[in-house]
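Everything on this sheet refers to the single structure shown next.
The values are calculated or read from the model by the stated rules, or taken from the named source; none is laboratory data. These numbers were taken from a predicted model, which means no experiment stands behind them. Using ideal geometry, Cβ is built from the backbone for each residue, glycine included, and neighbour counts are taken over all protein chains shown.
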Amino acid sequence: MFLALRELRFARSRFALMAAVVALIAVLMVLLSGLSSGLVNDGVSGLRRLPVTAFAFADGTRADGAFSRSVIDSGQVEAWRGQPGVEAAEPFGNTLVNAHSGAGAPIDLALFGVRPGSFLDPVPAGGTRLGGEDGIVVSSTLLDAGLRLGDTVTVDRLGVELTVVGATADQRTFGHVDVAYLPLDTWRRIHNAADGEATAVAIKARAGAAPDLAAGDAAAGTTSMTLADAFATSPGYTAETSTLTLIQVFLYAISALVVGAFFTVWTIHRTHELAVLRAIGASRAYLLRDGLAQALLILVAACGTGVLAGVGVGALVADGDVPFALETPAVLTAAGLLITLGLLGAATAIVRIAAVNPLAALGAQR
Amino acid sequence: MTLDTTTRTGLHLAGVTLRLGDGDDTVTALDEVSLTVAPGELVAVVGPSGAGKSSLLAVAGGLTVPDEGSNTVDGNDLAAMKPAARTAYRRQHIGFVFQSGNLIPALTAIDQLRLIHHLHRRRAEPREAEQRLADVGMAGKAHRRPHQLSGGERQRVGIARALMGGPSLLLADEPTAALDRARSHEVVELLARETRRAGVATVMVTHDTDVLRHCDRVVEMVDGKLSG
C-alpha cells in the first residue's frame, strides 16, 4: 500500500471524481433496495407473517391470482389434517374489498378469514383478539392512516359493519392493501361463500418435519405451494420484484464498468511509471496487489459514504407515502455486491499491469 | 537459486547477441558484444542512435535475455535465471538511472528512496534514505515531488535511488539528456564519485561527449558492435 496511498493523495481530485460516481451509485442502490423491500412488504407482509408452511388451493389453481380464484371445502381441510408431518391445517379466506370508515374515508382491505382460536388467529399488540362476529384485527398501518380501535368500518355495497377490536404490532399488507383479520364465518358472509368453504387450506408443519405436499395434494385434491411460492399470488408481486431486480442488476453492471473504465485509463496513464517500477525490481504481484488495494480502498470509502447518504435520504423518503423499508441485510448485501463487482471491474483493468514491459523504462518516453 | 553476493566481480558480458523483430525483418541489436566493467569503474558507451546502446543496458540489467552469450553480475548468470528470479536479482543488486530521472510522480524525493526498501521488503536502515539524499546534495528538498524539482535535481534523486540498497551494478541511460552543460557535468561527476565511493560497476550510455572526461573508460558502439 506504500504506492497506493501516496497515489491516492497525489491524484486525489481524479480519485475523488471516481469515488463520487461510485458513491452516487451506492446511494441509488440503497434507495432501490429500500424501495424493493418496501414493495415486498406492501405485497406480501400479510402472508409472510402468517405462521404457515404452505397453502393448498383448489386443484389446478395457478399461482397467478390463486387467492382470488381458489375455493376449497371442509373435506379438503380434513384430508390435509391427516397428512404426516402436518401439525395443523385450517381453512383460510382471502378477499379484497372496498370499505369506508365511520368518517367516510375510503379504505381498501384484504380480509383474512380465520377461525378464532386457531393458529392463524393473530395476537394483537393493542386491543383484543378476534371473538365477536363483527370484530376485526387490523394491520398497524391502518392505525397510522388514522383508524382507531373501536372505529366502525363498513364494507361497500354489502353494508356489513365491522368493528376494529385490535391491531397488529407490525405492517401486514397483501397486494398493497392493508389486512384485516376477521372470523371465518363473517368472511363467508361477505364473500358469499357456502358453509365450509374457504379460499385455501393453511398448513402448518410439525417442528422439524417437512410434509409431503404432493402426497397431500393427491389425498386432498388440491394444488399446494410453499409460503414463499405463494408470494407470487400477490397482485403485481412478480412484476414489481423482477423489475426492481433488473434495475439493480443494471446498476451493478454499470458500477463494475465505471470502475473498470477508470482503472483502465489510470493504468494506461501509468504505463511508463509501471515500466520504471518493473525495471527497478517491483514484481508483477507487488504491483497487482498495490493496484487492487487502491481500488478496494476507493470502493469501500465510496460505498460507505454512499450507503450513509442513501440511508439518510431513505429515512426522509420512508416518512412519506412511498413503500420504502431499509433492511440492514439487504443494504449490506447491496454494498457488498457493489464493492465485489467494482473490484472485479478494477481487476480486469489492473491485470494490464502484468503485461507492462520493463524495457519501456529505457529510452526517451518521458 | 542461491546467489553469490559475497564477492564483487562486476559486469561480464561475453559474446552477447540480441536479435529484435522489426516488422517482418529481424535486426541484430547486439552482435557478439563482450564487455567487462570492474567494481568502482565508470564506463561510458557512446555511439549514434540505433547503434544498440539501450539494448546493451537492457541485457546488462536483465530486462531482456540475449539470444546468445552470457551476462554475469558478480558471477551470477542473469540469462540463466527464471524471470521472477531475475526481477528479484535486479531489485537487490542492480540500480538504474534513467533519462530525466524517471521518478514516480506521486512520491516525494525521500519516498522515491524509501520505495526501494519497501520493494526489498526489509527493514529500512535507519536514516539510510536521508543519508543518500544528503550524499547527492538533496537533503533540503527531501519532501518535494518530481515536478517541484529541476532536471538536475531529479537526476540527483534518481542516482540516490539507484544506489539505495548498495547495488553491484549501476546502469545509467542518457542521464544528461535533458540537462544543460553545467548540470550535465555535475550529474556525471556525482555518478563518477558515487561509483568509486560505493565500489559499484557503472555503465553509462550517453550522446554527450562533453562529459566523457569524468569516465574511466569509453567504448563506442556502432551497428550493434562494440569497439574501443
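Within the stretch B:163-196, the residues that satisfy the criterion of being touching a residue at least 60 places away in the same chain (Cβ under 8 Å) and either more than 19 Å from B:V45 (Cβ to Cβ) or acidic (D, E) (or both) are B:L163, B:M164, B:G165, B:D173, B:E174.
Where in the stretch A:173-251 are there helices (runs of 4 or more DSSP H), lying wholly inside it, with at least 1 residues that are assigned by TED's automatic domain parsing to the domain that holds A:E90 and without any contact (Cβ under 8 Å) to a residue 12 or more places away in the chain? Even if it seems obvious, please write down each step before you answer.
Working: elements: A:184-191, A:213-220, A:227-230.
Counting at least 1 such residues, we get A:213-220.
Would you confirm whether or not the stretch B:79-91 contains a residue that is of a type outside the set (D, E, K, R), touching a helix residue (DSSP H, G or I) at 6+ places or on another chain (Cβ under 6 Å) and either buried (at least 16 other Cβ atoms within 10 Å of the Cβ) or touching a residue at least 24 places away in the same chain (Cβ under 8 Å) (or both)? Break it down into steps so the answer makes sense when it comes.
Residues of the stretch B:79-91 that are of a type outside the set (D, E, K, R), as a first pass: B:79-81, B:83-85, B:87-89.
Now narrow it down to the ones that are touching a helix residue (DSSP H, G or I) at 6+ places or on another chain (Cβ under 6 Å): none.
Checked against the condition, which is being of a type outside the set (D, E, K, R), touching a helix residue (DSSP H, G or I) at 6+ places or on another chain (Cβ under 6 Å) and either buried (at least 16 other Cβ atoms within 10 Å of the Cβ) or touching a residue at least 24 places away in the same chain (Cβ under 8 Å) (or both), the stretch B:79-91 yields no hits at all.
Among the conditions (1) in contact (Cβ under 8 Å) with a residue 60 or more places away in the chain; (2) within 12 Å of another protein chain (Cβ to nearest Cβ), the only one that A:S283 does not satisfy is (1). Of the helices (runs of 4 or more DSSP H) that lie entirely inside the stretch B:31-136, those containing 3 or more residues that are within 23 Å of B:G224 (Cβ to Cβ) and more than 8 Å from chain A (Cβ to nearest Cβ) span B:53-60.
Taking the stretch A:70-89 only, how many residues are among the hydrophobic types (A, V, I, L, M, F, W, C) and assigned to a loop (DSSP other than H, G, I, E, B)?
Narrowing the stretch A:70-89 to residues among the hydrophobic types (A, V, I, L, M, F, W, C): A:71-72, A:77, A:79-80, A:86, A:88-89.
Those still in the list that are assigned to a loop (DSSP other than H, G, I, E, B) too: A:71.
Count: 1.
Condition check ((1) part of a strand (DSSP E or B); (2) within 14 Å of another protein chain (Cβ to nearest Cβ); (3) surrounded by fewer than 22 Cβ atoms within 10 Å (Cβ to Cβ)) across all residues:
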residue	(1), (2), (3)
A:L8	no, yes, yes
A:R14	no, yes, yes
A:L24	no, no, yes
A:V30	no, no, no
A:S33	no, no, no
A:D42	no, no, no
A:L47	no, no, no
A:S68	no, no, yes
A:P91	yes, no, no
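Being over 18 Å from the mean Cα position of the chain (by Cα) and either more than 22 Å from B:V37 (Cβ to Cβ) or within 13 Å of chain A (Cβ to nearest Cβ) (or both) holds for only one residue in B:A142, B:A162, and it is B:A142. A single entry from A:F112, A:F55, A:F67, A:F92 fulfils the requirement of being in contact with a strand residue (DSSP E or B) (Cβ under 8 Å, 6 or more places away or on another chain) and more than 19 Å from A:R189 (Cβ to Cβ): A:F55. Going through the stretch B:196-210 one residue at a time, which ones are over 11 Å from the mean Cα position of the chain (by Cα) and either within 24 Å of B:A134 (Cβ to Cβ) or part of a loop (DSSP other than H, G, I, E, B) (or both)? Passing the criteria: B:R196, B:R197, B:A198, B:G199, B:T206, B:H207, B:D208.
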